[in-house]
């Protein structure tokens, strides 16, 4: 595992600060497409994406926090949706058949959504995903393996479907130690690689 000095997702005191990983790769989202901020919480990444001039669909089981923090911002649509008991990408779900220029997921893991998430990445679009990984049980919560990514699991999830732009699996130290895994992956439009931020 790699050790780096980046903040883990959802770290204490980091609730309003966007992930450096998301901030680094958000400029790869095509400007003419909307972005899905899945399990958006209070909207720290929705705010970042809106500030970049992107249209954002912020989705969470409880939409009150994002409505409170970002209420009425132009370009923002908020959707309250239970992501686990009413799968949003399945037939009849609110995201069925939709595609996005970017999908951002941090500090959330529900593996049954992956197929729908990956299918929802539009040509030229990116998936930016960051959450806790195996080994985090040494540092505290989450510690249940159901909520921790196995080594290489994000790579396996996108293999053959999206092109990996960047991937990391390691320990972060600041502001507190945590094991994380993160990926930025793109659905190519053609054989031309994307320009890295």
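FYI, it's all coordinate maths here, none of it is from the lab. Everything numeric in this text was worked out from a predicted model, so none of it was measured. Glycine gets a Cβ as well: all are built from the backbone with ideal geometry, and neighbour counts include every protein chain shown.
Extending 7 Å from the Cα toward the beta-carbon at both residue 99 and residue 143 defines two label points whose distance is 4.4 nm.
Which of rounded, prolate, oblate describes segment 98-197, given a ≥ b ≥ c as roots of the alpha-carbon gyration tensor eigenvalues and a/c under 1.5 marking rounded, otherwise prolate only if a/b is larger than b/c? Note, shape of segment 98-197 comes out prolate. Measuring between their Cα centroids, segment 132-152 and segment 50-68 lie 27 Å from each other. For segment 131-179, just say rounded, prolate or oblate: build the C-alpha gyration tensor, square-root its eigenvalues into a ≥ b ≥ c, call rounded for a/c under 1.5, and beyond that prolate if a/b exceeds b/c, oblate if not. Note, shape of segment 131-179 comes out oblate. Within segment 21-41, what residues put their amide N at less than 14 Å from the label point 7 Å along the Cα-to-Cβ vector of residue 119? In segment 21-41, the label zone of residue 119 (backbone N under 14 Å from the point 7 Å along Cα→Cβ) covers no residue.
Please work out whether segment 68-135 counts as rounded, prolate or oblate from its C-alpha gyration tensor, where a ≥ b ≥ c are the square roots of the eigenvalues and a/c under 1.5 means rounded, while otherwise a/b larger than b/c means prolate and anything else oblate? It is rounded, given that a/c, with a ≥ b ≥ c, falls under 1.5. Among beta bridges identified by DSSP and lying wholly in the chain, the antiparallel ones come to about 40 percent.
Taking 0.36 nm per residue of separation and subtracting the Cα-Cα distance, full extension of the segment from residue 64 to residue 84 would add 5.4 nm. Counting every pair of alpha carbons in the chain, the share spaced more than 32 Å apart comes to 9 percent.
R0 = 41 Å: FRET efficiency of residue 23 with residue 91, Cβ-based, nearest 0.05?
Efficiency, rounded to the nearest 0.05: 0.70.
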